[in-house]
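**Student:** Before I ask anything, here is the structure I am working with.
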There are 2 protein chains.
Amino acid sequence: MPPVLPVTAPYHHGDLRAAALEMGMERLASQGQPDLGLRALARDLGVSATALYRHFPNKDALLDALALEGLNRLGQNQAEAAAKAGGGRDGFAEVGVTYVTWAVRNPALLRLIYNRVGQVDLAADDPTAMGEAFHQLRAGIAAMMPDEMSREERAAAALHAWSLVHGLAMLILDGQVEYDPAMVRKVVLMTDFNAG
Amino acid sequence: MPPVLPVTAPYHHGDLRAAALEMGMERLASQGQPDLGLRALARDLGVSATALYRHFPNKDALLDALALEGLNRLGQNQAEAAAKAGGGRDGFAEVGVTYVTWAVRNPALLRLIYNRVGQVDLAADDPTAMGEAFHQLRAGIAAMMPDEMSREERAAAALHAWSLVHGLAMLILDGQVEYDPAMVRKVVLMTDFNAG
DNA sequence: CGGACAATGCTAACAGTGTCAACATAACTT
DNA sequence: AAGTTATGTTGACACTGTTAGCATTGTCCG
């Protein structure tokens, strides 16, 4: 299978950077913990460990790239779910279930995303691709809130929703509770944005 | 300062196990990430790295012990909060705020707790100290739910509450949102156990 | 076409880690 | 006092991320 749309013609290996990211994603997919070993990854690629340093300044940068890819996939997943499910409580619950389901199916990737984005300086509005993607995810969440809310209420409601599904996902990933879609839906539906 | 209540008389060092745990907790407290280095810890204790292997079978066991201690502290913190704050929505919100506050003050420890307990086989009702302490924490949460609920509703409500505060705590620890007690309270109060 | 140059890859090495085996010392027991 | 057990140390092994120096290959330009 020839490489797909090689932006720049490959030299020795053939776009090692893309191959590394692909292999990295594969490894993360078949793993529970985000313990990517740089050397092990290079071994799987049939390449020397230091070759990767021609494409990433260090291991963290590689992980950042993987986390960014994961974040984009997550964002797309959520956008699709939001579009499919209409508004209202049921639609909101569906989107929540979608988040948790994605997390269960991509545990290492979700962990990597949140671990990595924490390192980035987020206070300064740096136009990092990472910060950008996360901002988009947040905007997507906020967009689902009821219309009649003030901006402040909206922010609180969005944070509530995000915390709820993220916390539930983490508890499942950490083995605290079993994954059960019906239960997830039930838990999400206990939110009442008019309360408080 | 002489050692406090030495259960068994110390040999060379003087209850190295306790000293290691204490130093480990100290390190975790002054750190954001739970990256305890076994050798570094031994260095701080003025002892050789392998000396720790006389008290813990391996590094994971040491981390488990630290996580257990942390879990006990967290449980005690929550129990006190629950006793102080009465029932009702406001009391419940207070307990939630307490959880998040503790997490913010002990980030590495909270991470360690949840990371470690995930490795333990939890499906089998093993009487591990770890599993025991976690069970206690969960029971404490469930006890706060309204009385008129069925057992199933109670379980869902407890999971909702736990997910909410845990998720909020994780988002704060990961640098996604700033810690603001008032905001936490507001977010927690959006829960309505009678909804759904 | 051929040489210059940059892009990419490799080997060797360094400091760091967790862990094991073998040895040494101190405390307790009899 | 002698022996056994508990504790601690040194040295080593395999592993990790990372750097420096060298080798190779593709691209470009005269």
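**Student:** If I take the Cα coordinates of the protein assembly as shown and project them onto the principal axes, what are the three extents in Å, biggest first?
**Tutor:** Between the extreme Cα coordinates on each principal axis of the protein assembly as shown lie 71, 57, 42 Å.
**Student:** Counting only GluC sites (Glu not before Pro) that sit in a DSSP loop (anything but H, G, I, E, B) with at most 16 other Cβ atoms within 10 Å, what is the longest stretch of chain A containing none of them?
**Tutor:** With a cap of 16 other Cβ atoms within 10 Å, the longest stretch comes to A:1-147.
**Student:** Report the one residue of A:L63, B:V177, A:S163 whose Cα lies farthest in the direction of the positive end of the charge dipole of the protein assembly as shown (charges on C-beta: Lys and Arg +1, Asp and Glu -1; origin at the Cα centre).
**Tutor:** Going by the Cα projections, it comes out as A:L63.
**Student:** Same structure again: Give the residue from B:G37, A:G131, B:T128 lying farthest towards the positive end of the charge dipole for the protein assembly as shown; charges sit on Cβ (+1 for Lys and Arg, -1 for Asp and Glu) and the dipole is referred to the Cα centre.
**Tutor:** B:G37
**Student:** Helix by helix through chain A, keep the DSSP H runs that span 24 Å or more along the axis on Cα and average at least -0.5 on Kyte-Doolittle, and give those back in order.
**Tutor:** Once both thresholds are applied, what remains is A:59-84, A:88-105, A:151-173.
**Student:** Taking only Cα atoms of chain B, what ratio of Rg to Rh do you get with Rh as the Kirkwood inverse-distance radius?
**Tutor:** That ratio is 1.03, to two decimals.
**Student:** Report the Cα-based extents of the stretch B:42-105 along its three principal axes, largest first, to the nearest Å.
**Tutor:** Result for the stretch B:42-105: principal-axis Cα extents of 53, 19, 15 Å.
**Student:** While we're looking at this one, here's another question. Once you wrap a convex hull around the alpha carbon atoms of the stretch B:143-196, what is its projected area averaged over all directions, in nm²?
**Tutor:** 4.1 nm²
**Student:** Per q in 0.12, 0.17 1/Å, what log10 I(q)/I(0) does a Debye calculation on the alpha-carbon atoms of the stretch B:87-196 return?
**Tutor:** Normalising to I(0) and taking log10 leaves -0.45, -0.89.
**Student:** Can I ask one more? So if I place +1 on the C-beta of Lys and Arg and -1 on the C-beta of Asp and Glu, and nothing else carries charge, what would the dipole magnitude of the protein assembly as shown be about its Cα centre? I want it in debye, nearest 20.
**Tutor:** With Lys and Arg at +1 and Asp and Glu at -1, about 820 debye.
**Student:** Taking the Cβ of each residue in B:M170, B:M183, B:M149 as the centre, tally the other Cβ atoms inside 10 Å and list the residues starting with the fewest.
**Tutor:** B:M149, B:M183, B:M170
**Student:** Mind jotting down the distance between the C-alpha centroids of the stretch B:32-110 and the stretch B:128-193, whole Å?
**Tutor:** The distance from the Cα centre of the stretch B:128-193 to that of the stretch B:32-110 comes to 18 Å.
**Student:** By a straight-distance test (C-alpha under 26 Å), which lysines pair with B:K186 as possible cross-link partners, with residues fewer than eight away in the same chain excluded?
**Tutor:** A:K186, B:K84
No value in this document is a laboratory result; all are computed from the given coordinates. It should be emphasised that the depicted structure is a prediction, and the values quoted were computed from it without experimental measurement. Cβ: placed from backbone, ideal geometry, glycine included. Neighbour counts: every protein chain shown.
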